[in-house]
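The values are calculated or read from the model by the stated rules, or taken from the named source; none is laboratory data. Here the structure is a predicted model, which means the values were calculated and not measured. Reconstructed Cβ throughout: ideal geometry from the backbone, glycine too, with neighbour counts over all protein chains shown.
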2 protein chains.
Amino acid sequence: MNIKVVTKILDANDRIADTNRRKLKAAGIYTINLMGAPGAGKTSLLECVIGRLKSGLRIGVIEGDIAGTDDARRIALHGVPVVQINTGGACHLDANMIGSVLDSLPLAEIDVLIIENVGNLVCPAEFSLGEDMKIMVSSITEGHDKPCKYPLMFQKSSALILNKTDLLPYMNTDMGKFKADALSLNPKIKIFEVSCKTQDGVGEFCDWLSGLR
Amino acid sequence: MNIKVVTKILDANDRIADTNRRKLKAAGIYTINLMGAPGAGKTSLLECVIGRLKSGLRIGVIEGDIAGTDDARRIALHGVPVVQINTGGACHLDANMIGSVLDSLPLAEIDVLIIENVGNLVCPAEFSLGEDMKIMVSSITEGHDKPCKYPLMFQKSSALILNKTDLLPYMNTDMGKFKADALSLNPKIKIFEVSCKTQDGVGEFCDWLSGLR
C-alpha cells in the first residue's frame, strides 16, 4: 500500500499559485494581493483606487470574506468586474480558491486584478495566490505595535498603506515608530500615509500603482 | 500496520481543553478567553480591568502573540502574574499551548485568569482553551460590517466590548446596525460601549465582570 502524504501544504499551494500566475500573465494581467486586518480599510482603499484609475486602467476585483457579499456589492457599484469568494470559515484565501474563480472574470478585459484577502494580519501572508505583488493596509487606529507583533505580513509586502490618518489628532499612535519598525523588518517596503476619508495621500499611492505595470 | 489518523483536530483540541478546565476549576479559577482583531484594544481593556479590579480580585494573565513580549511587559507593570505565549506563526491559541504554560502561573493565587488571544477575528473562536467564557473586543473604527463578515466570533462570545467610542464623532460607524447585527447572530450577547482612553463604560463592564464568579 502506497500512501501519499502531503507534508508540505504550502508547496502544494505554490504549485497552484504558479498555474494562476501563468494564466494571469498570459492574459496580460498585473495582479495584486491586498491584505490587512479586519476594518483596516482595504475595501475603502480599493474604492478610492478604482475611482481614480478606472478611466485609464481596466481593473478587476476578487473579494475574499468568511461570509457575506457586502464588499463585492460596494465594488460592483463602481462598474468594474468583481467576484466574491466566501471562504466559509478559512481565515485566508489560497491559490486554489483563486484558480476556481478566474474563469468567472472577463480576463481579456482586465489590466490589473486586485484580490482583497480575508481581513487577517497573519495567515494571508503565508499563501501565495499567484500575484505579482503583495500590498498591505494597516489602520493607524490599530497602533504602532503591529510590525513587532505581526512581522511576516510586513516582511512579505512591497507596500504598506497607513490608512485613516485623519484620526491621527485623536490617537496616541507613534507614526515614526510604526514606520521605523516596518522598515526594520523590510527595508524595501514603500510606505504611504493615506486617508480614504479625506483622500489625503490617495493620489500619491495611485500614481505609484499605475506606474507598476 | 495500524496508522492512526486524527480526523477531527478540533476534537483533539477539546480533549486538552477539558483537561485545562478541570485543572483551572480545581484551583478555583474563573477563566476568560479574550478575543478580537489586531488593535481592537484587548490589552488596553485588560489594563483598565486590572487597574479597577485587582484590589478585590486576584487576576492572572496569559498573553498570546505571534511574536514579541510587548503585551506581557505592559501587563507586568500592573503587578499581576503574566505569561507570554509566542505562537511563532499560528494565528490563534489552542488548548495545548495553554496547558503547557499553566504551571508557570501561581494558580493558587489567582481568582480570574484572562487569556488574551492572538489578534484575529476568525480562528481564535474555533479553539476552546478550557475557558468559562469567551469575550470579544471590537474597535468601532473597524466598522459596523464586522458581525456579517466574521459571524462565528460574535456567535461564540458571551460579551462584546465596542471599544474606542471616543472616536465616534469622527467616524461613520453605525452603532445601531453594529449592535443589531451582533444581536441577530447571538441574541444573548451582552454589549458594552467602552472607551479605554476616556474610561467611559469601563466601570459598567468591570461591575458585570466581577459579578460573574
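Restricting attention to the range A:120-142, report how many residues are touching a strand residue (DSSP E or B) at 6+ places or on another chain (Cβ under 7 Å), in contact (Cβ under 8 Å) with a residue 60 or more places away in the chain and hydroxyl-bearing (Ser, Thr, Tyr). Looking only at that region, the number is 2. Under 7 Å between Cβ atoms, which residue pairs at least 6 apart in sequence (or on different chains) link something in the range B:93-119 that is more than 13 Å from B:GLU131 (Cβ to Cβ) with a partner that is assigned to a helix (DSSP H, G or I)? Hits for this filter: B:ASN96/B:ILE16; B:VAL118/B:PRO124.
The number of residues in the range B:40-82 being touching a residue at least 60 places away in the same chain (Cβ under 8 Å), on the phi < 0 side of the Ramachandran plot and not polar (S, T, N, Q) comes to 11.
Consider the range A:119-139 and keep the residues that are assigned to a helix (DSSP H, G or I) and surrounded by 24 or more Cβ atoms within 10 Å (Cβ to Cβ). The one that is nearest to the other protein chains (Cβ to nearest Cβ) is A:CYS123. When the range B:143-169 is filtered for residues that are within 14 Å of B:ALA182 (Cα to Cα) and in a helix (DSSP H, G or I), the ones remaining, listed by number, are B:LYS146, B:PRO147, B:CYS148, B:LYS149, B:PRO151, B:LEU152, B:MET153, B:PHE154, B:GLN155, B:LYS156. Once the range B:145-162 is narrowed to residues that are of a type in the set (S, T, N, Q) and closer than 18 Å to B:LEU45 by Cβ, the residue that is farthest from the other protein chains (Cβ to nearest Cβ) is B:SER158. Restricting A:ASP71, A:ASP111 to those that are within 14 Å of another protein chain (Cβ to nearest Cβ), charged (D, E, K, R) and either more than 22 Å from B:THR173 (Cα to Cα) or buried (at least 22 other Cβ atoms within 10 Å of the Cβ) (or both) reduces the list to A:ASP71.
Residue check: is A:MET153 buried (at least 19 other Cβ atoms within 10 Å of the Cβ), more than 27 Å from B:PRO169 (Cβ to Cβ) and within 14 Å of the chain's Cα centre (by Cα)? When the stated conditions are applied, A:MET153 passes them. Mind listing whichever residues of the range A:51-68 are buried (at least 18 other Cβ atoms within 10 Å of the Cβ) and either out of contact with any helix residue (DSSP H, G or I) (no Cβ under 7 Å at 6 or more places or on another chain) or within 24 Å of A:CYS91 (Cβ to Cβ) (or both)? Once the filter is applied, which keeps residues that are buried (at least 18 other Cβ atoms within 10 Å of the Cβ) and either out of contact with any helix residue (DSSP H, G or I) (no Cβ under 7 Å at 6 or more places or on another chain) or within 24 Å of A:CYS91 (Cβ to Cβ) (or both), the range A:51-68 yields A:GLY60, A:VAL61, A:ILE62, A:GLU63, A:GLY64, A:ASP65, A:ILE66. Quick one: in the range A:7-39, which of the residues that are within 14 Å of another protein chain (Cβ to nearest Cβ) and in contact (Cβ under 8 Å) with a residue 60 or more places away in the chain is surrounded by the fewest Cβ atoms within 10 Å (Cβ to Cβ)? In this case the residue turns out to be A:LEU10.
Annotation: A:LEU77 fulfils all but one of (1) under 20 Å from A:TYR30 (Cα atoms); (2) more than 14 Å from chain B (Cβ to nearest Cβ); the unmet one is (1).
Whether any residue in the range B:175-192 is of a type in the set (Gly, Ala, Ser) and part of a strand (DSSP E or B) is what I want to check. Within the range B:175-192 (the criterion being of a type in the set (Gly, Ala, Ser) and part of a strand (DSSP E or B)), the answer is no, since none of the residues qualifies. Set side by side, the residues B:GLU63, B:GLU131 differ, and just one is charged (D, E, K, R) and in contact with an Asp or Glu (Cβ under 6 Å, 6 or more places away or on another chain), which is B:GLU63.
Kindly evaluate A:ILE140 against the criterion of being among the hydrophobic types (A, V, I, L, M, F, W, C), at pLDDT 95 or above and out of contact with any Asp or Glu (no Cβ under 7 Å at 6 or more places or on another chain). So A:ILE140 passes the test.
When the range B:165-213 is filtered for residues that are touching a strand residue (DSSP E or B) at 6+ places or on another chain (Cβ under 7 Å), buried (at least 18 other Cβ atoms within 10 Å of the Cβ) and hydrophobic (A, V, I, L, M, F, W, C), the ones remaining, listed by number, are B:PHE178, B:ALA182, B:ILE189, B:PHE192, B:VAL194, B:CYS196, B:PHE205. Consider the range A:163-181 and keep the residues that are among the hydrophobic types (A, V, I, L, M, F, W, C) and within 12 Å of another protein chain (Cβ to nearest Cβ). The one that is farthest from the chain's Cα centre (by Cα) is A:MET171.
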